[in-house]
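Single-structure report; data block below.
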Amino acid sequence: MISIQLPDGSKREFPGPVTVSEVAASIGAGLAKAALAGRVGSGAESRVVDTSHLIDHDTALAIVTDKDADGLDVIRHSAAHLLAYAVKELFPDAQVTIGPVTENGFFYDFSYKRPFTPEDLATIEAKMAELAKRDEKVERRVLPRDEAVAYFKGLGEAYKAEIIASIPADQDVSLYREGKFEDLCRGPHVPSTGKLKHFKLMKVAGAYWRGDHRNEMLQRIYGTAWATKDDLQQHLHMLEEAEKRDHRKLGRELDLFHIDEHAPGLVFWHPKGWTVWQQVEQYMRAVYRDNGYLEVKGPQVLDQGLWEKTGHWDKYRENMFTTESEKREYALKPMNCPGHILIFKQGIKSYRDLPLRFGEFGQCHRNEPSGSLHGIMRVRGFTQDDGHIFCTEDQILDECTAFTTLLQKVYADFGFTNIIYKVATRPEKRIGSDALWDKAEFALMESLRRSGCEFIVTPGEGAFYGPKIEYTLKDAIGRQWQCGTIQVDPNMPERLGAEYVTEAGERATPMVLHRAIVGSLERFIGILIEQHAGALPAWLAPVQVSVLNISEHQADYAEEVAKALQKQGVRVGTDLRNEKITYKIREHSMQKVPYILVVGDKEKANGTIAVRARGNQDLGVMSLADFSAKLADGIAQKA
């Protein structure tokens, strides 16, 4: 007898080997119909298998449907094969290469004699739908490696043959067939093509074979696939919104910044963009000041010897910009922590000095690959709101708790209230005692509990020297951005010889908590632009108020209003051009200015202003004093 334990704890027994689909059928016809795959085994040893997989021993089994994350992966993996099937049907001379799952879909790389066009994509997608409707069975078979190489060579699939030839000779490989198409794959796959109903092809891009620029440029077709029509439509809507909110597009339209070919991966900030930068930096500077941080500033260029001590020279050198002077090697710093430790080491520190909190708006440089650069979100030169807390082991919990509370307030002020918390715990290869890891991991988790935060534990994803909390923002259209972090590190201070004098008069190595709230200011401003679709709240907006006159007769009064607001610290602009007022209102609305003040003869005579708020809201006529109070209140509340 074979005993199968189900997720609800119940067991089902079978007289002999049984397939996943047969187990599903024994539970109910509805589940059998919905089954996409099965998860066999339990814990870290479990694996996802086809519904045709034969179970020949006692084990745990969960039936995977489209309601499960595993099911969505199986759908997307199978959709990639459906894409390749359709391409081969339409373009028999095309050669298939690889087709993995991505975060929200899949792609497949092809070698073909001409570029695929948008019209081709539409035709391919229609063919995919046709093949899916045939509901062809997806079947798996296994071949010895060399036999599989010969098989694909016989089909004229040189790339597939090359992939299989790189597999050790003593290994078998699995192939999946649907209709006329057969592909190399580990699987699992849906039981039949009819399970694939909600997909869309998105775009074509270039991709080098095996990611090597010396190889042939292939054509990569991207697609997305979902369990339901609503999920697909929601995702497509999100992409439309993301395109509207693209910080690169808005950066040009709002005249905030640009990236130039003369400095790839580096940002040229325009006056308006630099104003936004300053608002973020000055806000964070006040956060430092009000929460016990001492602001410091370290040099940009540091000697090779320091980076050798920290381990970066051996493990990170290819990502560092290096230079030489007087036969000494230097590097532009990719991070600020070593500099903060060198500052800590100046003078004798006592346990009474701890916790000691350093903060820096530290400019860093990393030699990122050109293909990974993305506007101001991924750059080679960036500034971090970087902080390091030097403390004892016993102070970790209180410091982490205070940090989470602070981070939540900062994010709320910038318009983010949906935060995902993750605790990354000890990896298999690590340094330090288990007792220290126990203490550090407990402190991180307990700090989140004290802050009332639900959190996810990601086992084994901590650094080799310590665990960390990652704080991920969810923006207005549901995208996730990992920004904040706090990480326990006893390793770097020890490597660099940082010490303090304990209460017993002995020397000890402090803990260092690496912490950042917004992270890279460049990236965070990009996120802010996309979160608010360029319509930054009044306290952040580069121009908070525009004053517009209806005719030249009110030009002097418009300037008087503007000067009065400027004296109150308001960022104000005037538009005194001889243009129709509707034209000027539209233009300043397109620039997403929070408030537009219109003055005509009546307003001039009465000493008032007509106020329009962003979003075409007419707030009516009011005195300058009333408007100033309203604006000041909104700015103070970060509304």
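The values are calculated or read from the model by the stated rules, or taken from the named source; none is laboratory data. The shown structure was predicted, so the numbers you read here are calculated from the model rather than taken from an experiment. With ideal geometry, Cβ positions are generated from the backbone for all residues, glycine too; neighbour counts draw on all protein chains shown. Calculation scope for accessible area: heavy atoms of the full protein, side chains included, ligands and nucleic acids excluded. Shrake-Rupley method; radii C 1.70, N 1.55, O 1.52, S 1.80 Å.
In the chain, with Lys and Arg counted as +1 and Asp and Glu as -1 at Cβ, which of these residues, 595, 126, 192, has the Cα nearest the positive end of the dipole, that is, farthest along it?
595
Regarding the chain, what's the average projected area of the Cα-atom convex hull, expressed in nm²? Please report the intermediate quantities before stating the final value.
Values: hull surface 153.2 nm².
Projected over every direction and averaged, the Cα hull of the chain covers 38.3 nm².
Let me understand the stretch 285-325 better: what is its radius of gyration from the alpha carbons, and its Dmax, in angstrom?
That works out to 15.0, 41 Å for Rg and Dmax.
Would you be so kind as to identify which of 493, 452, 476 lies farthest towards the positive end of the dipole of the stretch 428-503, taking Lys and Arg as +1 and Asp and Glu as -1 on Cβ and the Cα centre as origin?
Farthest along the dipole direction, towards plus: 476.
Here are some pairs, 133/197; 127/180; 88/197; 127/200; which of them have Cα atoms lying more than 18 Å apart in this structure?
Numbers: 133/197 8 Å; 127/180 14 Å; 88/197 20 Å; 127/200 12 Å.
From 133/197; 127/180; 88/197; 127/200, over 18 Å: 88/197.
Given a 1.4 Å probe, how much area per residue of the stretch 75-166 is accessible, in Å²?
Details: 4220 Å² over 92 residues.
Here the residues of the stretch 75-166 average 46 Å² of exposed surface.
Using each residue's phi in the stretch 251-265, evaluate 6.51 cos²θ - 1.76 cosθ + 1.60 at θ = phi - 60° and report the 3J(HN,Hα) Karplus result to the nearest Hz, with x for Gly and Pro.
These are the phi-based 3J(HN,Hα) values: x, 6, 5, 9, 6, 9, 6, 8, 10, 10, 4, 6, 8, x, x Hz.
Beyond 20 Å, what share of the Cα-Cα pairs of the stretch 334-437 remains, rounded to the nearest whole percent?
Working: 3340 of 5356 pairs.
Cα-Cα pairs of the stretch 334-437 separated by over 20 Å account for 62 percent.
Multiply the residue separation of residue 507 and residue 13 by 0.36 nm, subtract the distance between their alpha-carbon atoms, and state the gained length in nm to one decimal.
Value of the extension gain: 171.5 nm.
Determine, from the Cβ-Cβ distance of residue 278 and residue 216 and an R0 of 60 Å, the FRET efficiency 1/(1 + (r/R0)^6), rounded to the nearest 0.05. It would help to have the intermediate numbers written out before the result.
On the way: r = 48 Å, r/R0 = 0.80.
E(calc), rounded to 0.05, equals 0.80.
Show which lysines lie in cross-link reach of residue 604 when reach means a straight Cα distance below 22 angstrom and same-chain residues fewer than eight apart are skipped.
The reachable lysines, counting only those whose Cα sits under 22 Å from residue 604, are 563, 567, 580, 584, 630.
Less than 26 Å apart at the alpha-carbon level, and either on another chain or at least 8 residues along: which lysines does that give for residue 429?
309, 315, 439, 468
Would you mind calculating the gained length between residue 563 and residue 623 on full extension (0.36 nm times residue separation, minus the Cα-Cα distance), in nm to one decimal? Spell out each step's value before the answer.
Working: separation 60, 0.36 × 60 = 21.60 nm, distance 1.51 nm.
Between residue 563 and residue 623, full extension yields 20.1 nm more.
Which of rounded, prolate or oblate describes the stretch 173-257 when judged by the alpha-carbon gyration tensor and an a/c cut-off of 1.5?
Since a/c reaches 1.5 but b/c is at least a/b, the shape of the stretch 173-257 is classed as oblate.
Would you work out what percent of the accessible area of the chain, with all protein chains in place, is carbon or sulfur (probe 1.4 Å)?
Details: 15160 of 30960 Å².
Heavy-atom surface of the chain belonging to carbon and sulfur, 1.4 Å probe: 49 percent.
Between residue 638 and residue 202, 0.36 nm times their residue separation minus their Cα-Cα distance comes to what? Mind dumping the intermediate values first?
On the way: separation 436, 0.36 × 436 = 156.96 nm, distance 3.81 nm.
The span from residue 638 to residue 202 would gain 153.1 nm if fully extended.
Could you give the nm distance between label points at residue 535 and residue 26, where each point is 7 Å from its Cα heading toward the beta carbon?
It is 5.8 nm.
Per-residue HN-Hα couplings for the stretch 21-29, Karplus 6.51 cos²θ - 1.76 cosθ + 1.60 at θ = phi - 60°, whole Hz, x for Gly and Pro?
Each residue's phi maps through the Karplus curve to give 5, 5, 5, 4, 5, 5, 7, x, 5 Hz.
Mind checking the dipole of the chain: about its Cα centre, +1 per Lys or Arg Cβ, -1 per Asp or Glu Cβ, Debye to the nearest 20? Working shown, then result.
On the way: 81 positive and 91 negative charges, 196 e Å.
Here the chain has a charge dipole of around 940 debye.
Could you rank 409, 113, 249 by how accessible they are, 1.4 Å probe, largest area first? Mind dumping the intermediate values first?
On the way: 409 120, 113 160, 249 70 Å².
If we order 409, 113, 249 from most to least accessible, we get 113, 409, 249.
What net charge is computed for the residues neighbouring residue 619, neighbours being all others with C-beta under 13 Å from the C-beta of residue 619, Lys and Arg scored +1, Asp and Glu -1?
Values: positive: 612, 614, 630; negative: 618, 626.
Every neighbour counted, the sum reads +1.
Could you give the dipole magnitude of the stretch 411-507 about its Cα centre, charging the beta-carbon of Lys and Arg +1 and that of Asp and Glu -1, in debye to the nearest 20? Present the calculation step by step, with values, prior to reporting the outcome.
Details: 12 positive and 15 negative charges, 59 e Å.
Rounded to the nearest 20 debye, it is 280 debye.
With each label point set 7 Å from Cα along the Cα-Cβ vector, what nm distance links residue 47 and residue 348?
Once both label points are built, they end up 6.1 nm from each other.
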